[in-house]
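See below for the structure under consideration.
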Protein chains: 2
Amino acid sequence: MRLALAQLNPTVGDIAGNEAKVREHLARAREADAQIVLFPELAITGYPPEDLLLKEHFLADARAAVERIAADAQGIVAVVGFPERADDAYNAAAVCADGAVQAIYRKVNLPNYGVFDELRYFQRGPGGAIVEVDGVKVGLTVCEDIWVPGPPLTDEALAGARLVLNISASPYQAGKGRLREQMIAQRARDSLAVVAFCALVGGQDELVFDGHSFVVDHERDVIARSPQFAEDLLICDVDVAAAGAARLRDTRARPAAREVAPEVAQLGSFTTAGASDAAAPGGSVADLLDEDAEVYAALVLGTRDYVTKSGFEHVVLGLSGGIDSTLVALIAVDALGPERVTCVTMPSPYSSQGTRDDAKVLAQNLGVELLELPIGEPMQGYDELLGEVFAGREPDITEENLQARIRGNLLMALSNKFGWLVLTTGNKSEMSVGYSTLYGDSAGGFAVIKDCPKLLVYRLVRERARRDPQSPVPDSIITRAPSAELRPDQRDEDSLPPYEVLDAILQGYVEEDLGREQLIARGLPAEDVDRVIRLVDISEYKRRQNPPGIKVTSKAFGRDRRVPIVNRYGG
Amino acid sequence: MRLALAQLNPTVGDIAGNEAKVREHLARAREADAQIVLFPELAITGYPPEDLLLKEHFLADARAAVERIAADAQGIVAVVGFPERADDAYNAAAVCADGAVQAIYRKVNLPNYGVFDELRYFQRGPGGAIVEVDGVKVGLTVCEDIWVPGPPLTDEALAGARLVLNISASPYQAGKGRLREQMIAQRARDSLAVVAFCALVGGQDELVFDGHSFVVDHERDVIARSPQFAEDLLICDVDVAAAGAARLRDTRARPAAREVAPEVAQLGSFTTAGASDAAAPGGSVADLLDEDAEVYAALVLGTRDYVTKSGFEHVVLGLSGGIDSTLVALIAVDALGPERVTCVTMPSPYSSQGTRDDAKVLAQNLGVELLELPIGEPMQGYDELLGEVFAGREPDITEENLQARIRGNLLMALSNKFGWLVLTTGNKSEMSVGYSTLYGDSAGGFAVIKDCPKLLVYRLVRERARRDPQSPVPDSIITRAPSAELRPDQRDEDSLPPYEVLDAILQGYVEEDLGREQLIARGLPAEDVDRVIRLVDISEYKRRQNPPGIKVTSKAFGRDRRVPIVNRYGG
């Protein structure tokens, strides 16, 4: 049996554009003699459409697109993810064959944790369902259905499905793709079924979908795999007979099958014009990226998609010569090309010659435009204007923040005048403890590395340098001690614990929801733990006003970590 | 039977403070000879605690507080809302009597729409439950349980409960209190039970809880009511015998009772030292505020609580002489007193004499400090710095935004230097269509009127003036045509439809999720509809970076309306 897995990058809300993408890949799958072609979860609307799902006309438009796609499904069975409006709303997979929507499977397990809010929108489906394609029983599942061990997948296998399809939109976090592949491989082995996992790819606001579609046989061997972070049409031949034969030997499931099988819906039987001659099972198998390369690729795709899907042609960022803005410049150039990136250096009297020179060298090596706008005079202008009101008070964080805000104003003025999107350069460690200026360095449209802890920032710059024999990054950027350069001889470690300690505390406090005692029990210094917890808590108001950025860790700020601003818990 | 309803204003996360509040009111209820005292939903943690609920130690701390409270429950039954950690996590009501937690009821209906995310945190309870207090069967429910017609409330009544308790944290929106009271009154009539509704009060981030606790008898008469927007201990005697007697006459429920009654958990039987001598039923009945006065009171409470619960002593805001900043100044003074409010006028060459004078008169009448910081010079400074980069281009929105951003910088500098919270003054109509400057007039800590459409802003200022024979508001503020004053002779209606049209479109598009065709069918001009839809959609990125503010409509931006930023749907 020949499958096609269309790993598509739809745009949320662009129903016409997504429909065109689906139809194009449907045609290509038919040309490849596929019998079944899969499209990702909610491929018609993009994922997650959020409260667009509360509009009746949006759901009607999505349905109309599915009907038009179904008209193309001749001689092939297409399984297409869309939001179904019926007695209630469902996260559904349309089974299109013989020119019409023949059946609809409704997702059973609706995730409502982490970044997910599916119980806000959807009713649960009633349970497992099977269609017959060219005489083969095929089970249907949508995303979360396969993450929960048990039904509907197990029910469908017990009811005779030799092949189980899963269409997904599974948001990226570092390392998740490998774990997902291992988990689904185990499901295939447990149920003695071939599993085809067809995933969405692309960036949507703070989420990146990594693609990484694959087919795994009943012995848990991955026999075909799409590349990560790119659109793909994966063609794979599968041997469902072998899965069936294995069940004659391994009869552990027989007692359960008798009870469950009658509960599974039989949604119809279809014949196709696809390849039925016995081809060797398998398809192309893409390699997986290494750990840091994978994160870097996610950032590049997330940035490219945010910029282009928002309709921007060009981005601008402040280049200080520090490690954070270096990483963002690298990502921007890799995502968009150097001709679509403008960097701005905005030196103050506290900017060192070293960072100023590094910024210039980097910009030159990257081939991007570099503007220079020194901020000394505006700094003085504010000092004079506020002189009377501030009389008798020492300079403090106020004046530091004003420098950052002048820079923010200048970047936004360039954005307004030329229609450029401002990329901000703050990392997760800073954002966690509020070591940034609201409306200053955090001002902009997209915060590329906001979910990258500082130590990861270093790893990613090194990773990018390693891959490129002509690395554009001067060594001094990597080796210099981090500084905000907002007062003379300032260094991050004057205000914060060393990043090794800070990042370890943040990992436990933010990503793992641990408390003070548990963090200290991990060997982290009590004084640092107390300070960091307090800083994280009181900085929530700042984070709420920061631009969106790409989730790469297990818990990003924002929809992933929802904490009150007014919060006296303290830990 | 004598009830006490403790309408408390807890602070999220302040378990020790909330515990103290509960114990104080428990003692007062005992002194008043109450047999049962009610505390709101999640009174121990405040509502909503959001992802604090994902911390094991937070749940353990909440439990410990409930145990200490229970030790005080001697001669009285206390029902206290808290998050229970057991085999799973539950939104629960602890029944405390004889010095210990004797029983726990678990909320059955978990809201997961609008501003609610309870399925993110909690498992559903198994169903209705009853306790016996001094021989009277009393049903238990938590908030949403009473909004869904049917179980658990109906089950409890069918199983013999003459009195049903509901502890709630029900967020305010305009007019909701009246509807809630009518709905609950109907539940009481339908089930022939007395219902005691004990609600949380106070502001938490973007939500205000309006209090408005009450007791309604089985004939749907409200026999006691707490004031809105203030803490209260409501004492009410109820006649449960009358509810019981009514069931001998009205026997419609008998067939259902036989089936359901055995399913309802019987959680124990307690005797109290409270008043058992027959008092006339009822308690004090507070009047309800009129429509606009109610919204105004919500804004005052929401502002006061955000400021004080965040630990601020003082607020600052830009006073332009326009209607929006006038309303915010009024609210700030009513919330905090004039000595805790500083206003700043920041005139530019485009500021009219009229607005400048009005700002001064208003500040004087309110008795607040007024600072003047003219922005002409910084404007010139930016123009010079950017002159080269902008060479050959006409002035446009860039220069307008720079003015607003200079003002934002100045307010933030005052905030940084003196530790004041900046109140922003944008209204919902502006925020909807992006008629504001990011990091400019939207810069600040709390956006008091962000959910108030412009027409409501006018109504609220008039309402405040009406109540006050010495109204501090010059008439010209109310009668002048709205303008941002960022270029010569600018008026809002140059860029936007008249507010009557704009607000009507926004009501349909934002609050009701209507599409283009439906709005036009309402008689709204097609051209305006298209333009406003587009502006609302492309302004989502701005709103994401705006400060929190108080929800007063049926759908506020933020956790209430969750839409993608990248969104090509267009309607």
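The values are calculated or read from the model by the stated rules, or taken from the named source; none is laboratory data. Computed from a prediction, not measured in an experiment: that's the story for all the values here. We place every Cβ from the backbone using ideal geometry, glycine too, and count neighbours over all the protein chains shown.
Look through region B:197-224, keep the residues that are of a type in the set (Asp, Glu) and farther than 17 Å from B:ALA286 by Cα, and return whichever of them is surrounded by the fewest Cβ atoms within 10 Å (Cβ to Cβ).
So the residue we want is B:GLU219.
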Query - Odd one out for A:ARG120, checked against (1) in contact with a Pro (Cβ under 9 Å, 6 or more places away or on another chain); (2) buried (at least 20 other Cβ atoms within 10 Å of the Cβ); (3) under 23 Å from B:ASP560 (Cβ atoms) - result: (1)
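Looking at region B:473-519 only, could you name the residues that are in contact (Cβ under 8 Å) with a residue 60 or more places away in the chain, among the polar types (S, T, N, Q) and either over 23 Å from B:GLU400 (Cβ atoms) or assigned to a helix (DSSP H, G or I) (or both)? So that I can check it myself, show each step before the final result.
If we filter region B:473-519 for residues that are in contact (Cβ under 8 Å) with a residue 60 or more places away in the chain, which is where we start, we get B:473-474, B:476-478, B:480, B:482-488, B:490, B:495-496, B:499, B:502-503, B:506, B:510.
Still in the list and also among the polar types (S, T, N, Q): B:476, B:483, B:490, B:495.
Passing the criteria: B:SER476, B:SER495.
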Report summary line: Scanning region A:535-571 for residues that are closer than 20 Å to B:GLN204 by Cβ and more than 12 Å from chain B (Cβ to nearest Cβ) gives A:VAL536, A:SER539
Query raised in the report: Looking at region B:406-428, which of its residues are of a type outside the set (A, V, I, L, M, F, W, C) and either within 7 Å of chain A (Cβ to nearest Cβ) or out of contact with any strand residue (DSSP E or B) (no Cβ under 9 Å at 6 or more places or on another chain) (or both)?
Result: B:GLY408, B:ASN409, B:ASN416, B:LYS417, B:GLY419, B:ASN427, B:LYS428
Query raised in the report: What is the one condition in (1) surrounded by fewer than 16 Cβ atoms within 10 Å (Cβ to Cβ); (2) within 12 Å of another protein chain (Cβ to nearest Cβ); (3) of a type outside the set (S, T, N, Q); (4) within 18 Å of A:ILE406 (Cα to Cα) that A:VAL344 does not satisfy?
Result: (1)
**Report entry** Index of the failed condition, B:LEU288 passing every other in (1) crowded, with 19+ Cβ neighbours inside 10 Å; (2) among the aliphatic types (A, V, I, L, M); (3) assigned to a loop (DSSP other than H, G, I, E, B)
**Finding:** (1)
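Report yes if some residue within region A:26-36 is more than 8 Å from every other protein chain (Cβ to nearest Cβ), in contact with a strand residue (DSSP E or B) (Cβ under 8 Å, 6 or more places away or on another chain), under 17 Å from A:GLY202 (Cβ atoms) and touching a residue at least 12 places away in the same chain (Cβ under 8 Å); otherwise report no. Outline the logic, then answer.
Residues of region A:26-36 that are more than 8 Å from every other protein chain (Cβ to nearest Cβ), as a first pass: A:26-36.
Applying the additional criterion that residues be in contact with a strand residue (DSSP E or B) (Cβ under 8 Å, 6 or more places away or on another chain) yields A:26, A:28-30, A:32-36.
Keeping just the survivors that are under 17 Å from A:GLY202 (Cβ atoms) gives none.
No, every residue in region A:26-36 fails to be more than 8 Å from every other protein chain (Cβ to nearest Cβ), in contact with a strand residue (DSSP E or B) (Cβ under 8 Å, 6 or more places away or on another chain), under 17 Å from A:GLY202 (Cβ atoms) and touching a residue at least 12 places away in the same chain (Cβ under 8 Å).
Quick test for you: out of B:ARG522, B:ARG516, B:ARG531, pick the one residue that is within 11 Å of chain A (Cβ to nearest Cβ) and either touching a helix residue (DSSP H, G or I) at 6+ places or on another chain (Cβ under 9 Å) or closer than 21 Å to A:GLY13 by Cβ (or both). It would help to see each step written out before you state the result.
Details: B:ARG522 fails: within 11 Å of chain A (Cβ to nearest Cβ); B:ARG531 fails: within 11 Å of chain A (Cβ to nearest Cβ).
The unique qualifying residue is B:ARG516.
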Query raised in the report: Which residues, taken from region A:27-51, are crowded, with 24+ Cβ neighbours inside 10 Å and farther than 26 Å from A:ALA242 by Cβ?
Result: A:PHE39, A:PRO40, A:GLU41, A:LEU42, A:ALA43, A:ILE44, A:THR45, A:GLY46, A:TYR47, A:PRO48, A:PRO49
Query raised in the report: Which one of the conditions (1) within 34 Å of the chain's Cα centre (by Cα); (2) within 14 Å of chain A (Cβ to nearest Cβ); (3) assigned to a helix (DSSP H, G or I) does B:VAL361 fail to meet, given that it meets all the rest?
Result: (2)
**Report entry** Within region A:291-314, considering residues that are within 14 Å of chain B (Cβ to nearest Cβ) and among the β-branched types (Val, Ile, Thr), the one surrounded by the most Cβ atoms within 10 Å (Cβ to Cβ)
**Finding:** A:THR303
Report task. Considering each of A:GLU485, A:GLU500, A:GLU511 in turn, give the residue that is modelled with pLDDT of 95 or more, over 30 Å from B:ARG559 (Cβ atoms) and among the charged types (D, E, K, R). Result -> A:GLU500
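Would you check which residues across region A:434-459 are more than 14 Å from chain B (Cβ to nearest Cβ) and surrounded by fewer than 22 Cβ atoms within 10 Å (Cβ to Cβ) and list them?
First pass over region A:434-459, keeping only residues more than 14 Å from chain B (Cβ to nearest Cβ): A:435, A:448-449, A:451-459.
Residues satisfying the conditions are A:TYR435, A:LEU455, A:TYR458, A:ARG459.
Within the group B:LEU385, B:LEU370, B:LEU366, which residue is of a type in the set (A, V, I, L, M) and either within 22 Å of B:SER436 (Cβ to Cβ) or away from chain A (no Cβ under 14 Å) (or both)?
Among B:LEU385, B:LEU370, B:LEU366, only B:LEU366 is of a type in the set (A, V, I, L, M) and either within 22 Å of B:SER436 (Cβ to Cβ) or away from chain A (no Cβ under 14 Å) (or both).
Considering only residues that are crowded, with 18+ Cβ neighbours inside 10 Å and more than 7 Å from chain A (Cβ to nearest Cβ), look in region B:388-405 and name the one that is nearest to B:ALA335 (Cα to Cα).
Taking region B:388-405 as the starting set, the residues that turn out to be crowded, with 18+ Cβ neighbours inside 10 Å are B:390, B:398-405.
This time we only want the ones that are more than 7 Å from chain A (Cβ to nearest Cβ), so: B:399-400, B:403-404.
Details: B:GLU399: 35, B:GLU400: 32, B:GLN403: 29, B:ALA404: 26 Å.
Looking at the filtered set, the residue picked out is B:ALA404.
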